[in-house]
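Here the structure comes first, spelled out in structure tokens, and everything after it is commentary.
The values are calculated or read from the model by the stated rules, or taken from the named source; none is laboratory data. Quick caveat, the model's predicted, so the values are computed rather than measured. Here the Cβ positions follow ideal geometry from the backbone for every residue, glycine too, while neighbour counts run over all protein chains shown.
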């Protein structure tokens, strides 16, 4: 099995180098696809300092969803995993994410930050409440029983990727992807993962407007 790791990056010069080193260190056959989403800081210089990567440099920032679509088009692996460039998610946990797919039980795996005993940084209550609301609404709409719809750690087979038609350019990717894999009847698993969330002072980008967009996406794509 070959893994395609898609890393969408926008202005992450402080963390992207360490993320790449951690992904490279994972002892799984893989290709690493970096989608530089129009970064205006030193991100481009950092990623081009590494060898053996597939790098897509975009001139204009279009958002995470658009970057993921570009990465999927370039992916040649049997399984795809989305890796944010901000050090919130640990690449050492790829085996956890991949196990249900490798054993032919799942087509899609969500890395849940909530059904786990692994370390979890304590941060914003309203983010937790917003995620709980969006996950509940997702479950009502899709008849799933997810615990963490908004997780950025999502792994899925290339077959799933090839059959999905995605449109959202920003963080609406998460609810759009979830609704569409549920409607298509793909086998979905969750596994517990650790989470080292960061604050807005440390560079967190998602905001309340993305929450409103997520609600719109859930009803739109349902």
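Of these, 114, 87, 98, which one is in a helix (DSSP H, G or I) and touching a residue at least 24 places away in the same chain (Cβ under 8 Å)?
On the way: 114 fails: in a helix (DSSP H, G or I); 87 fails: in a helix (DSSP H, G or I).
It is 98.
Suppose we keep only residues that are over 25 Å from residue 9 (Cβ atoms) and surrounded by 19 or more Cβ atoms within 10 Å (Cβ to Cβ) within region 112-171. Which one would you say is modelled with the lowest pLDDT?
Looking at the filtered set, the residue picked out is 116.
Scan region 1-45 for residues that are assigned to a strand (DSSP E or B) and over 14 Å from residue 56 (Cβ atoms) and jot them down.
Residues satisfying the conditions are 3, 30.
Filter region 173-196 down to residues that are buried (at least 18 other Cβ atoms within 10 Å of the Cβ) and assigned to a helix (DSSP H, G or I), then give me how many there are.
Selection size over region 173-196: 10.
Since residue 50 meets every condition but one in (1) assigned to a loop (DSSP other than H, G, I, E, B); (2) in contact with a helix residue (DSSP H, G or I) (Cβ under 9 Å, 6 or more places away or on another chain); (3) free of Cβ contacts under 8 Å to residues at least 60 places away in the same chain; (4) under 22 Å from residue 95 (Cα atoms), which condition does it not meet?
All conditions pass for residue 50, except number (4).
Does at least one position in region 197-215 carry a residue that is at pLDDT 90 or above and buried (at least 21 other Cβ atoms within 10 Å of the Cβ)?
So far as region 197-215 goes, no, none of its residues is at pLDDT 90 or above and buried (at least 21 other Cβ atoms within 10 Å of the Cβ).
Given the criteria assigned to a strand (DSSP E or B), closer than 17 Å to residue 11 by Cα, modelled with pLDDT of 95 or more and over 18 Å from the mean Cα position of the chain (by Cα), does residue 57 qualify?
Details: assigned to a strand (DSSP E or B): yes; closer than 17 Å to residue 11 by Cα: yes; modelled with pLDDT of 95 or more: yes; over 18 Å from the mean Cα position of the chain (by Cα): yes.
It is true that residue 57 is assigned to a strand (DSSP E or B), closer than 17 Å to residue 11 by Cα, modelled with pLDDT of 95 or more and over 18 Å from the mean Cα position of the chain (by Cα).
For region 1-23, give me each residue that is surrounded by fewer than 18 Cβ atoms within 10 Å (Cβ to Cβ) and in contact with a strand residue (DSSP E or B) (Cβ under 7 Å, 6 or more places away or on another chain).
Correct list: 1, 2.
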